1. Could you please give the count of residues in the stretch 1-25 that are β-branched (Val, Ile, Thr) and free of Cβ contacts under 8 Å to residues at least 12 places away in the same chain?
2. Working only within the stretch 30-54, note down all residues that are among the small types (Gly, Ala, Ser) and over 18 Å from Phe77 (Cβ atoms).
3. Give me the residue from the stretch 1-45 that is within 18 Å of Trp93 (Cα to Cα) and of a type in the set (Ser, Thr, Tyr) and, out of that set, nearest to the chain's Cα centre (by Cα).
4. Applying the selection to the stretch 6-33, what residues are aliphatic (A, V, I, L, M) and surrounded by 13 or more Cβ atoms within 10 Å (Cβ to Cβ)?
5. Being closer than 17 Å to Leu12 by Cα and touching a Ser or Thr at 6+ places or on another chain (Cβ under 6 Å) is the filter here; which residues of the stretch 56-95 pass it?
6. Failed condition for Ala100, given (1) of a type outside the set (D, E, K, R); (2) modelled with pLDDT of 90 or more; (3) over 23 Å from Pro3 (Cβ atoms); (4) part of a helix (DSSP H, G or I), with all others met?
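The values are calculated or read from the model by the stated rules, or taken from the named source; none is laboratory data. Quick caveat: nothing in here was measured; it's all calculated off a predicted structure. Every residue, glycine as well, gets a Cβ built from its backbone with ideal geometry; the counts of neighbours run over all protein chains shown.
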Amino acid sequence: MLPPLLRWAGRLTSVVILAFIVLSATEPAGRPTTSQLVALLFFPVIVGVGLVLAWWREDVGAVVATVGLFGFYVWSFASGGHFARGPWFIVCWSPTLLFAASWSFDRWGHRRKMSHP
């Protein structure tokens with residue numbers, strides 16, 4: 001019962017987050033620098049791809065989104081000498097935790113059923 005609840009919570013929150021990202025991207029801003037384009041590749045592009053992939057493959061989507069967030073923070077530090085500030089990057093990544101938990105509980109429960117006939 002818990003994995004489907006976590007899965008659907010991840011899906012619903014990912015739709016809200018992706019809608020927020022898309023709406024934020026439509027705000028007119030100046031032309032991004034090369035450094036900003038690299039950061040944008042990691043977040044929101046790779047994180048967003050991970051959230052979408054997680055709808056079908058929770059494990060793969062969670063890994064892709066986590067790699068995107070990690071890459072974003074590494075690039076932020078490498079290019080600016082400090083990590084990106086504010087909670088919103090983690091908040092936008094947070095559905096990944098729900099997908100990963102759903103996958104983990106589902107897999108753990110499946111293994112448990114297999115070992116106890």
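1. Of the stretch 1-25, the ones β-branched (Val, Ile, Thr) are 13, 15-17, 21-22.
Right, trim to free of Cβ contacts under 8 Å to residues at least 12 places away in the same chain and you get 15-16, 22.
Result for the stretch 1-25: 3.
2. Residues of the stretch 30-54 among the small types (Gly, Ala, Ser): 30, 35, 39, 48, 50, 54.
Of everything in the stretch 30-54, those that are among the small types (Gly, Ala, Ser) and over 18 Å from Phe77 (Cβ atoms) turn out to be Gly30, Gly48, Gly50, Ala54.
3. That would be Ser14.
4. Residues of the stretch 6-33 that are aliphatic (A, V, I, L, M), as a first pass: 6, 9, 12, 15-19, 21-23, 25, 29.
Answer for the stretch 6-33, where residues must be aliphatic (A, V, I, L, M) and surrounded by 13 or more Cβ atoms within 10 Å (Cβ to Cβ): Leu6, Ala9, Val15, Ile17, Leu18, Ile21.
5. Selection gives Glu58, Ala62, Ala65, Pro95.
6. So Ala100 meets the others, but not (3).
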